[in-house]
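Heads up, the thing below is written out as structure tokens.
Read-outs throughout are calculated quantities, based only on the coordinates presented, and are distinct from any laboratory measurement. The structure presented is a predicted model; accordingly, all values stated were derived computationally and were not measured. Note that each Cβ is placed from the backbone with ideal geometry, even for glycine, and that neighbours are counted across all protein chains shown.
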Amino acid sequence: MAVALVVRPNLARGQARDSLAIDTTVVRQDEGSSLIPLPVIFYQPETGVGFGASGVYLFQLGGPADSAEHRLPSVVSAIGIYTTKSQIIAAVQTDLYPASGRYRYIGELSYSKFPTKLWGIGNDTPDELEEDYTPVSFNLMLEAQRRLRRGWYAGITAQFAYRELKEVTEDGLLEGGLIPGSEDGRIVGAGLLLMRDTRESTWFPRSSSFHQIRGMLYDDVIGSDYDYFSLTVDLRKYTPVFGGHVVALRALGQGISAAVGMAIPPARAGVEPAPIYFLFEDDFCHGHGEQAGWTVKQWRRDQRVDDQDELEAGFRDIVSHPWFIGGRKLDPRRTEMFFTASYDLDKFRSFVFDSTFLERFVLEPDLVEQIRVDDIALLRFTFRWLRFALFAEPTMTLKEEAKPSQGKP
């Protein structure tokens, strides 16, 4: 639930039916300008009480328009908000219409520092496992559109964003990099859009509509740390009703998809395929000259292949995990963890027994003694650990005294 109050001053120029929509029409016709200050106050559980100020500046850009019916006022707006939970949000937006009326340029620059909580993983996470963290983000969006015909626009758009996590709970899942998506990183994308816009004002529409389809591609080729494709459809309808009021209806849908990396074929993404066997005859192998016949099952049992397959299956479950679908990559810290656990058992054993590992995690006493001396038991345990450490699966249990303490309200 959220409660908000925005105080909107009456700025119509000496007209009986005062409204901001009328005022923007005046701006379009007489090439004047309007500055509208807007104090803001709101409340919602995640933020507490929020307060701040915003301003909207409406003006005409350049000289007379080619056609008055195609000319909309340009807008520059800004907002700054601070909440009782020390959250900060600041943004500047521009929507510019040059004199020709054929082009439109949109920009947005925003910053946020938003202390909040991670409530845990799954539906049954106890309250004491919640963690405090502060995402700090920066976002820049640029867009250029050209009018194709009356009300129709096509354009290009680009986005650059950066986010990092600060002030995370000590020794928690976020600090350990155990939650997918908790890594700092850049989001860089570019795309195309097609739009039909009949609004007489972008800020205060009355009897009009807005329909847009937008496709954005984010890829490491252009510097993004996350690879995916986004398709957004935005449909809006504005209908005037009694007393100069307007009813606004909106339908918004977004789909996100991503290509599966070549190293993780779809058939391997979390699904173990049925084995296929081939018979090769090489000069150095004399087994084909033996009189005894073998079935595949008999040969595998004789060569103890099943024991080896058990260990390889545990490894395959890690490298073909569905978490990697969409081109997701491990950060350097988790990459080092994977290679240590998979290929350097001596170092991993030292990590278990020479650190606070056994003080933090619940392990069966028999298992502790096995992994102390048995490499095969230790290797099986590494797969269990990696599923927890890399993908935040519940394969490990924290001891009560090692769980993060609940943050102060």
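Before moving on, here are some points about what is shown:
- For the stretch 246-254, 3J(HN,Hα) per residue [Karplus equation, 6.51 cos²θ - 1.76 cosθ + 1.60, θ = phi - 60°, Hz, x = Gly/Pro]: 10, 9, 10, 10, 9, 10, 10, x, 9
- Listed from fewest to most Cβ neighbours within 10 Å, the set E143, E131, E336 follows the order E336, E143, E131.
- Our coupling estimate for the stretch 157-167, obtained by passing each phi through the Karplus curve with A = 6.51, B = -1.76, C = 1.60 and θ = phi - 60°, is 8, 9, 9, 10, 9, 9, 9, 9, 9, 10, 6 Hz, Gly and Pro reported as x.
- Site pair A154 and F284 shows an inter-label distance of 6.1 nm when each label is modelled 7 Å from Cα along Cα→Cβ.
- Within the stretch 33-63: backbone nitrogen closer than 16 Å to the I88 label point (7 Å, Cα to C-beta): 51-53
- Were the residues from E336 through L363 laid out at 0.36 nm apart, the gain over their Cα-Cα distance would be 7.4 nm.
- Above-threshold pairs, the threshold being 21 Å between Cα atoms, out of K85/K113; K113/K329; K85/K117: K113/K329
- Among I256, I318, I88, the ranking by other beta carbons within 10 Å of each residue's beta carbon, starting with the fewest, stands as I256, I88, I318.
- For the stretch 314-365, the square roots of the Cα gyration tensor eigenvalues, ordered a ≥ b ≥ c, give a/c of at least 1.5 with a/b greater than b/c, which places it in the prolate category.
- Look at D302, D220 and count the other Cβ atoms within 10 Å of each Cβ; fewest to most, that gives D302, D220.
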